[in-house]
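To start, the structure itself, in structure tokens.
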């Protein structure tokens, strides 16, 4: 029997309890889960290496979960990783429409890789990285939405001024 590998991609800028919920549950569903951390096109608060390190520390309890940086086409990364599934979280209709379009595009590029949508647990369904960044940039308490290590990192990283990417779909 072959191993079922899934890739869970995102910028994870920063990683939230919503991301961790999907990682925990995805890790329980698939034999192996690769958390694929995207460069983010230079629009991130945290450098790629720091996001990877934060995630590695947070997923350490899960023996079948690994964290790897990537750039380029997601389906090519998934193919190199031996994945048969892309795991995506969907919080609502707006996420679903965006993710469905991406799933169709990815399916056209790599028909052997399916996309599986997973709804977040209700207690973390409204959390997004962009919301965390916005509240943190204004000095608000984000401790209900992110792990303590991320709260500390945000306190050191907090930029000032408006964000140009606040309206884009965020992981």
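The values are calculated or read from the model by the stated rules, or taken from the named source; none is laboratory data. Everything quoted here is computed from the prediction, not taken from an experiment. No Cβ is skipped: glycine too gets one built from the backbone with ideal geometry, and neighbour counts run over all protein chains shown.
Can you report the number of residues in segment 124-152 which are part of a helix (DSSP H, G or I) and either closer than 17 Å to residue 88 by Cβ or free of Cβ contacts under 8 Å to residues at least 40 places away in the same chain (or both)? It would help to see each step written out before you state the result.
Narrowing segment 124-152 to residues part of a helix (DSSP H, G or I): 124, 129-137, 148-152.
Adding the requirement that they be either closer than 17 Å to residue 88 by Cβ or free of Cβ contacts under 8 Å to residues at least 40 places away in the same chain (or both) leaves 124, 129-131, 134-137, 148, 151-152.
The number of residues fulfilling the criteria is 11.
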Residues of segment 1-31 being in contact with a strand residue (DSSP E or B) (Cβ under 8 Å, 6 or more places away or on another chain), touching a residue at least 60 places away in the same chain (Cβ under 8 Å) and in a loop (DSSP other than H, G, I, E, B), in sequence order, are 3, 4, 11, 12
Of the residues in segment 85-98, those that are assigned to a helix (DSSP H, G or I), in contact (Cβ under 8 Å) with a residue 40 or more places away in the chain and surrounded by 14 or more Cβ atoms within 10 Å (Cβ to Cβ) come to 95, 98
The residue that is nearest to residue 97 (Cα to Cα), considering only those in segment 124-148 that are more than 17 Å from the chain's Cα centre (by Cα) and surrounded by fewer than 14 Cβ atoms within 10 Å (Cβ to Cβ), is 144
The lone condition residue 82 fails out of (1) out of contact with any helix residue (DSSP H, G or I) (no Cβ under 9 Å at 6 or more places or on another chain); (2) closer than 22 Å to residue 13 by Cβ; (3) touching a residue at least 24 places away in the same chain (Cβ under 8 Å) is (2)
Here the residues within segment 32-57 that are more than 19 Å from residue 99 (Cβ to Cβ) and assigned to a strand (DSSP E or B) are 32
The residue that is surrounded by the fewest Cβ atoms within 10 Å (Cβ to Cβ), considering only those in segment 100-122 that are in a helix (DSSP H, G or I) and within 16 Å of the chain's Cα centre (by Cα), is 102
Residue 82 passes all but one of the listed conditions (1) on the phi < 0 side of the Ramachandran plot; (2) exposed (fewer than 14 other Cβ atoms within 10 Å of the Cβ); (3) at pLDDT 95 or above; the exception is number (1)
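Does residue 75 satisfy being within 20 Å of residue 17 (Cα to Cα), touching a helix residue (DSSP H, G or I) at 6+ places or on another chain (Cβ under 8 Å), surrounded by 18 or more Cβ atoms within 10 Å (Cβ to Cβ) and free of Cβ contacts under 8 Å to residues at least 40 places away in the same chain?
Working: within 20 Å of residue 17 (Cα to Cα): no; touching a helix residue (DSSP H, G or I) at 6+ places or on another chain (Cβ under 8 Å): yes; surrounded by 18 or more Cβ atoms within 10 Å (Cβ to Cβ): yes; free of Cβ contacts under 8 Å to residues at least 40 places away in the same chain: yes.
Spelling it out, it is not the case that residue 75 is within 20 Å of residue 17 (Cα to Cα), touching a helix residue (DSSP H, G or I) at 6+ places or on another chain (Cβ under 8 Å), surrounded by 18 or more Cβ atoms within 10 Å (Cβ to Cβ) and free of Cβ contacts under 8 Å to residues at least 40 places away in the same chain.
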